[in-house]
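K.L.:
Right, I'll just put the structure down here and ask away after.
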Amino acid sequence: MEGKVDAWVASIGTGGTFLGIAEAVKKENQDVMTIGVQPEDAPIIELTKSGLLKRIFELFGMKKMKLLTEIILEKGMPEKLVTVSNKDAVDMAYRLCMEEGLFCGMSSDANVYAAIQVAKDLGKDVNVVTVLVDRRDRYFSEHPNEHYII
């Protein structure tokens, strides 16, 4: 890509991968758009904005703990947030496995799904970067009857 990155797209769980790479790409090019990905049933950014996560941690005696998601928001990131349904993530899991031979978990599948949507929105001649962060075998207990072809 010769250093040309237009958008960084990644799931925000604890926030470490998203924030670390977002800061690195922004250091090289302030115009890189940072786009967070979250599952529809775990809207971590909204929970952080509402203060609910902070209150939960305080109930467990972690009053001084600052969440990475709070730091992400303080830094004005993500510029855009994409919510991915479980069905879209699972469908992408099948596609990545059957078409690319990539045996990825749901966060990776959501990242790819969101990156494709972002690329479509941004148009031609853009470079959208994401990361595959987990393995599919971690989800066998949740989906014991699924079959894969590699």
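The values are calculated or read from the model by the stated rules, or taken from the named source; none is laboratory data. All values derive from a computational prediction rather than experimental measurement. Cβ coordinates were reconstructed from backbone atoms using ideal geometry, including for glycine residues, and neighbour counts include every protein chain displayed.
K.L.:
Collect the residues in segment 1-30 that are within 12 Å of the chain's Cα centre (by Cα) and assigned to a helix (DSSP H, G or I), keeping them in residue-number order.
P.N.:
Taking segment 1-30 as the starting set, the residues that turn out to be within 12 Å of the chain's Cα centre (by Cα) are 8-19, 21-22.
Of everything in segment 1-30, those that are within 12 Å of the chain's Cα centre (by Cα) and assigned to a helix (DSSP H, G or I) turn out to be Gly16, Thr17, Phe18, Leu19, Ile21, Ala22.
K.L.:
Is it the case that Glu40 is surrounded by 13 or more Cβ atoms within 10 Å (Cβ to Cβ), in contact (Cβ under 8 Å) with a residue 24 or more places away in the chain and charged (D, E, K, R)? So that I can check it myself, show each step before the final result.
P.N.:
Values: surrounded by 13 or more Cβ atoms within 10 Å (Cβ to Cβ): yes; in contact (Cβ under 8 Å) with a residue 24 or more places away in the chain: yes; charged (D, E, K, R): yes.
For Glu40, the condition - surrounded by 13 or more Cβ atoms within 10 Å (Cβ to Cβ), in contact (Cβ under 8 Å) with a residue 24 or more places away in the chain and charged (D, E, K, R) - is met.
K.L.:
A further question follows. Could you tell me how many of the residues in segment 104-137 are in a helix (DSSP H, G or I), modelled with pLDDT under 90 and surrounded by 11 or more Cβ atoms within 10 Å (Cβ to Cβ)?
P.N.:
Count: 3.
K.L.:
Can you pull out the residues in segment 51-101 that are in contact (Cβ under 8 Å) with a residue 40 or more places away in the chain and not in a helix (DSSP H, G or I)?
P.N.:
Once the filter is applied, which keeps residues that are in contact (Cβ under 8 Å) with a residue 40 or more places away in the chain and not in a helix (DSSP H, G or I), segment 51-101 yields Leu67, Lys75, Met77, Pro78, Glu79, Lys80, Leu81, Val82, Thr83, Val84, Ser85, Gly101.
K.L.:
Still on this model: Taking only segment 1-19 into account, find how many residues are of a type in the set (Gly, Ala, Ser), touching a residue at least 60 places away in the same chain (Cβ under 8 Å) and under 26 Å from Lys124 (Cβ atoms).
P.N.:
Summing the residues that are of a type in the set (Gly, Ala, Ser), touching a residue at least 60 places away in the same chain (Cβ under 8 Å) and under 26 Å from Lys124 (Cβ atoms) in segment 1-19 gives 3.
K.L.:
I'd like to verify a number: residues in segment 86-103 that are touching a strand residue (DSSP E or B) at 6+ places or on another chain (Cβ under 8 Å) and surrounded by fewer than 17 Cβ atoms within 10 Å (Cβ to Cβ), how many?
P.N.:
2
K.L.:
A further question follows. When you go through (1) surrounded by 12 or more Cβ atoms within 10 Å (Cβ to Cβ); (2) without any contact (Cβ under 8 Å) to a residue 40 or more places away in the chain one by one for Ala22, which number turns out not to apply?
P.N.:
With (1) surrounded by 12 or more Cβ atoms within 10 Å (Cβ to Cβ); (2) without any contact (Cβ under 8 Å) to a residue 40 or more places away in the chain applied to Ala22, the lone miss is (2).
K.L.:
So, one more: Among the residues of segment 53-74, how many are more than 17 Å from the chain's Cα centre (by Cα), surrounded by 11 or more Cβ atoms within 10 Å (Cβ to Cβ) and not basic (Lys, Arg)?
P.N.:
Of the residues in segment 53-74, 6 are more than 17 Å from the chain's Cα centre (by Cα), surrounded by 11 or more Cβ atoms within 10 Å (Cβ to Cβ) and not basic (Lys, Arg).
K.L.:
Do we find that Thr83 is closer than 16 Å to Thr48 by Cα, at pLDDT 90 or above, surrounded by 13 or more Cβ atoms within 10 Å (Cβ to Cβ) and in contact with a Ser or Thr (Cβ under 8 Å, 6 or more places away or on another chain) in this structure?
P.N.:
The answer is no for Thr83.
K.L.:
Confirm whether Gln38 is within 21 Å of Leu122 (Cβ to Cβ), assigned to a strand (DSSP E or B) and modelled with pLDDT of 85 or more.
P.N.:
yes
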